[in-house]
Amino acid sequence: MANNGSGPEANQRAQQGVSFMARLRARGVLRVASSYGVIAWLLLQIADVTFEPLGVPRWVLSALIVVAALGLPVAVLLAWFYEITPTGVAADTAVADTARPTVHGVRRYADYMIIAVLVVLVAVLLVRQPEFTGDSDVLEASLAVMPFTNIGGDQQNEYLSDGLAEELLDQMGRVPGLRVSARSSSFYFKGQNVDAITAAKKLAVAAVLEGSVRREGKQMRISVRLIDGANGFQIWSSSFDRGSEDLLSMQQEIAASVVEALMPRFATSGGTMPAAVTSDVTAHDLYLLGLYQQRLGSDEGDEKAIELYGKAIAADPNFALAHAALGSYLLDSWYGSGEQSERDEAERLIRRAVALDDGLSEAHEALGAFLRVTQQRGAEDELRRAVELNPNNASAVSRYAWHLAIAGNPRKAIEMLRRALSIDPALLVRYDDLATMAASMGLRDEAQAVVQKAFDFFGPTAQVHAFTAWVHMGYDGLPDEDLCVAHALKARQLDPGRSGVNGILALCLMRMGELVPARAFAEAAARFGNTVPLTAVLDKTGERVAAYEFARSVLRERPGDLLLSMIIAYQLQRMGRNEEALELYQSVNMPDVAMDEAFRRGSGVGGLIDMAAAYIDTGNREEGLRLANWQQQYYEQLRRNGGSDLSDEAAVMAVLGRKDEAFALLRTEATYKGIWWEGVLYDRPAYRNLLGDPRLQEIESISRAHWAEVRERLPKTLAQFGLTMNDLAAAADAVGAKTEP
């Protein structure tokens with residue numbers, strides 16, 4: 001008869017199994033094994049997150065894993081053969097299945113102590129993980145591609161070394177989960193004697209890719225090495241000796257090897273590298289040459305770049321990236337010149353780029369930019385798509401952020417600007433964008449922290465002082481006009497030719513009532529094309545007709561300028577010429593550019609309430625209230641998303657007859673950063689319903705006190721920068737004495 005597993009023998013085996021498990025428990029083997037496993041795992045987790053930022057070599061962690069694995073059987077054997085007794089550790093000589101004596105003290109409470117220690121370790125690991133990992137901005141899968149060295153010194157091959165690094169950067173930037181520093185940040189260190197550890201720390205990346213290119217005729221040698229940014233050790237390196245016709249395949253191979261070294265799970269999980277932008281070596285070479293010429297920033301370089309991009313397209317008519325590059329360049333050119341032919345050609349090239357490669361981030365970014373500047377629908381969808389396709393495209397991220405801000409979602413916008421700065425920390429405009437946005441949302445601490453980061457990264461240069469002055473200009477930034485003046489004046493001292501700060505100085509000085517130097521700086525700014533400060537200064541000094549005539553003369557040279565058109569329309573309203581004002585508003589597509597989210601313009605939203613007042617003053621009350629009600633809803637949405645615009649929202653409340661709310665908003669504005677010109681309280685048509693109310697004079701007096709305090713602080717603030725009021729007067733005299741360039 002077959003044995004079916006029952007009977008005396010089976011029962012005996014079962015009893016033996018139970019007896020063995022009981023002996024394991026009695027000798028504490030199970031407790032020791034489980035405790036050892038959990039504690040070893042926790043310690044290895046802590047080592048994993050702390051060793052890299054501490055600079056511990058990777059082999060140490062591997063060795064610890066081996067030691068932990070070998071230690072488990074040792075711990076189990078010790079638990080089996082030895083016993084903790086009241087007199088210490090001794091060999092376990094008790095007969096099998098004999099109950100152990102109860103031991104008081106540590107042994108009795110060992111289980112509870114082990115559990116308590118484990119709970120504490122887990123809590124510490126979770127709560128203090130950011131401290132263990134060091135700089136929380138540094139991601140494990142993050143990389144900076146340094147400009148490659150052109151071996152041999154032939155300047156004609158410089159485009160190749162730069163272009164290869166940039167192409168690798170772009171290709172790896174499209175790998176999901178890998179953060180790659182933007183080109184402007186990686187190339188910031190070109191020509192500087194900066195080691196990999198310093199560059200990685202500055203750019204907040206885990207690794208740095210360095211390389212060199214030697215080209216002799218048609219033969220090329222490319223050497224690359226991937227370096228751990230925490231300790232400077234080499235992670236991977238390789239050299240390639242091939243013909244120049246193999247450049248594209250070498251590029252693919254290098255990119256794949258770097259990604260595999262940084263993200264080993266990428267390939268094993270089925271991830272694939274993005275395809276090359278073109279298979280035509282000649283077209284690729286011409287494109288790299290075009291990029292190099294465009295980066296030179298000269299008129300001659302721009303002309304050569306246009307020619308080279310065109311030749312690249314001719315060599316490969318399906319080269320989407322070349323279409324996008326040339327289209328973007330022509331779009332920028334058209335925006336400055338207004339030439340219709342440039343606009344049409346830019347649109348043709350950009351739309352062709354999208355049609356050729358719908359997965360190209362640069363193509364969708366270019367189309368989004370085109371739709372935005374030409375006030376067409378679909379810009380937001382295109383910019384969002386560009387960011388989705390390449391989250392490391394800092395330019396697309398920044399464009400999308402500003403679109404979100406103007407659309408009424410500054411909270412989401414500031415998240416995107418933080419991302420843009422993390423990708424591109426060596427481009428000052430990223431700091432400018434984030435600090436200004438944070439200040440406009442009332443996030444004063446963050447705005448100041450961003451300013452400090454800029455000084456830490458770049459040092460106290462003229463450019464950084466100029467950027468900081470802009471941030472401290474109280475229209476949209478931090479309301480510290482004394483700091484605004486001090487930083488701007490310091491920028492001029494460090495770089496006397498820095499004309500861009502003239503307009504900043506004019507507006508800040510005008511706001512605090514220092515009208516004589518304000519006018520000198522405003523006139524200097526106007527000579528360089530910045531006309532808004534002079535219009536504002538003339539208006540504040542009571543020269544309303546002069547301000548109007550000056551703005552009109554500039555508008556004739558720049559027809560269709562939205563901000564300038566609204567300034568003139570506003571002045572016409574104050575003169576009682578409301579019909580002319582409405583015609584001017586409509587000539588720049590108001591109210592659509594303010595109300596239609598598809599192509600909303602920020603300055604248009606601010607001026608919409610003045611247009612509403614013009615409708616009411618011409619008897620079209622229904623249309624005026626329609627615009628005012630829409631703007632009220634917009635500001636409610638803006639507030640829900642973390643933003644505000646107190647003076648314009650107060651104007652909306654005034655037009656709607658909600659005086660208490662209007663005065664509350666104006667009081668907050670006056671207390672926090674002053675009303676930029678107290679006369680506007682009486683002259684702005686949208687405030688007309690507030691006239692005669694004694695609260696208006698109260699707000700004016702609060703504003704005057706604010707500006708008196710700022711003026712009193714100015715000499716002390718200047719002294720902190722090694723400057724005096726005499727330096728300010730001398731700078732104003734110097735710009736006033738210059739002739740028109």
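The values are calculated or read from the model by the stated rules, or taken from the named source; none is laboratory data. Please read all numbers here as calculations on a predicted model, not as lab measurements. Cβ: placed from backbone, ideal geometry, glycine included. Neighbour counts: every protein chain shown. Please note that ligands, DNA and RNA were not included when accessible areas were found on the heavy atoms of the full protein model with its side chains. Shrake-Rupley method; radii C 1.70, N 1.55, O 1.52, S 1.80 Å.
Below are the figures for this structure:
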| read-out | value |
| --- | --- |
| Hits in the range 396-418 (condition: out of contact with any Ser or Thr (no Cβ under 9 Å at 6 or more places or on another chain), at negative phi and not hydrophobic (A, V, I, L, M, F, W, C)) | S398, R399, Y400, H403, N409, R411, K412, E415, R418 |
| For A522: the one exception among (1) in contact with a Pro (Cβ under 8 Å, 6 or more places away or on another chain); (2) under 28 Å from Y634 (Cα atoms); (3) not acidic (D, E) | (2) |
| Spans of helices (runs of 4 or more DSSP H) in the range 328-446 with at least 1 residues of a type in the set (S, T, Y) | 340-356, 361-373, 394-407, 410-423, 428-440 |
| Any hit, the range 579-586, residues being open to solvent by 10 Å² or more (accessible area, probe 1.4 Å) and either of a type in the set (V, I, T) or under 30 Å from G513 (Cα atoms) (or both) | no |
| Matching residues in the range 294-309 - criterion: being open to solvent by 30 Å² or more (accessible area, probe 1.4 Å) and either of a type outside the set (D, E, K, R) or within 32 Å of the chain's Cα centre (by Cα) (or both) | Q294, R295, L296, G297, S298, D299, E300, D302, E303, K304, I306 |
| Members of the range 731-741 found to be surrounded by fewer than 13 Cβ atoms within 10 Å (Cβ to Cβ) and hydrophobic (A, V, I, L, M, F, W, C), listed by number | A737 |
| In the range 569-598, the residues that are assigned to a helix (DSSP H, G or I), touching an Asp or Glu at 6+ places or on another chain (Cβ under 9 Å) and at pLDDT 90 or above | A569, Y570, Q571, L572, Q573, R574, N578, A581, Y585 |
| Residue list for the range 409-421, restricted to those being open to solvent by 40 Å² or more (accessible area, probe 1.4 Å) and under 13 Å from S181 (Cα atoms) | R419 |
| Residue list for the range 587-643, filter: of a type in the set (S, T, Y) and open to solvent by less than 40 Å² (accessible area, probe 1.4 Å) | Y615, Y634, Y635 |
| Output for the range 661-701, where each listed residue is of a type in the set (G, A, S), closer than 18 Å to I567 by Cα and modelled with pLDDT of 90 or more | A686 |
| Wholly enclosed helices (runs of 4 or more DSSP H) of the range 473-565 bearing at least 2 residues closer than 20 Å to A719 by Cα and open to solvent by less than 10 Å² (accessible area, probe 1.4 Å) | 481-494, 501-511 |
| Test: residue in the range 198-212 that is of a type in the set (V, I, T), more than 24 Å from the chain's Cα centre (by Cα) and either open to solvent by 10 Å² or more (accessible area, probe 1.4 Å) or modelled with pLDDT of 90 or more (or both) | no |
| Top-ranked residue in the range 354-395 [being open to solvent by 40 Å² or more (accessible area, probe 1.4 Å) and polar (S, T, N, Q); ranked as modelled with the highest pLDDT] | S395 |
| Residues of the range 454-471 that turn out to be in contact with a His (Cβ under 8 Å, 6 or more places away or on another chain) and either without any contact (Cβ under 8 Å) to a residue 12 or more places away in the chain or open to solvent by less than 10 Å² (accessible area, probe 1.4 Å) (or both), as a count | 2 |
| Residue match in the range 214-235 (condition: closer than 26 Å to A322 by Cα and of a type in the set (D, E)) | no |
| Qualifying residue in the range 644-665 (condition: part of a helix (DSSP H, G or I), of a type in the set (S, T, Y), within 17 Å of R574 (Cβ to Cβ) and under 33 Å from the mean Cα position of the chain (by Cα)) | yes |
| Lone unmet requirement of (1) under 17 Å from T149 (Cα atoms); (2) in contact (Cβ under 8 Å) with a residue 60 or more places away in the chain; (3) not in a strand (DSSP E or B) for P176 | (1) |
| Residue in the range 444-453 that is open to solvent by less than 10 Å² (accessible area, probe 1.4 Å), of a type outside the set (D, E), under 17 Å from the mean Cα position of the chain (by Cα) and under 20 Å from T717 (Cα atoms) present | yes |
| R399 under 30 Å from D645 (Cβ atoms), open to solvent by 50 Å² or more (accessible area, probe 1.4 Å) and in contact with a His (Cβ under 6 Å, 6 or more places away or on another chain) | no |
| Residue list for the range 144-195, restricted to those being open to solvent by 20 Å² or more (accessible area, probe 1.4 Å), closer than 21 Å to I222 by Cβ and among the polar types (S, T, N, Q) | T149, N150, Q155, Q156, N157 |
| Whichever residue in the range 232-251 is buried (at least 17 other Cβ atoms within 10 Å of the Cβ) and under 29 Å from the mean Cα position of the chain (by Cα) and, among such residues, is modelled with the lowest pLDDT | Q251 |
| Only one of E669, E698, E678 that is more than 37 Å from the chain's Cα centre (by Cα) and touching a residue at least 12 places away in the same chain (Cβ under 8 Å) | E698 |
| Positions within the range 670-727 being part of a helix (DSSP H, G or I), open to solvent by 30 Å² or more (accessible area, probe 1.4 Å) and either among the aromatic types (F, W, Y) or in contact with a strand residue (DSSP E or B) (Cβ under 6 Å, 6 or more places away or on another chain) (or both), in sequence order | Y672, Y682 |
| Matching residues, the range 647-663, being in contact with a helix residue (DSSP H, G or I) (Cβ under 8 Å, 6 or more places away or on another chain) and either on the phi > 0 side of the Ramachandran plot or open to solvent by 50 Å² or more (accessible area, probe 1.4 Å) (or both) | G657, K659, E661 |
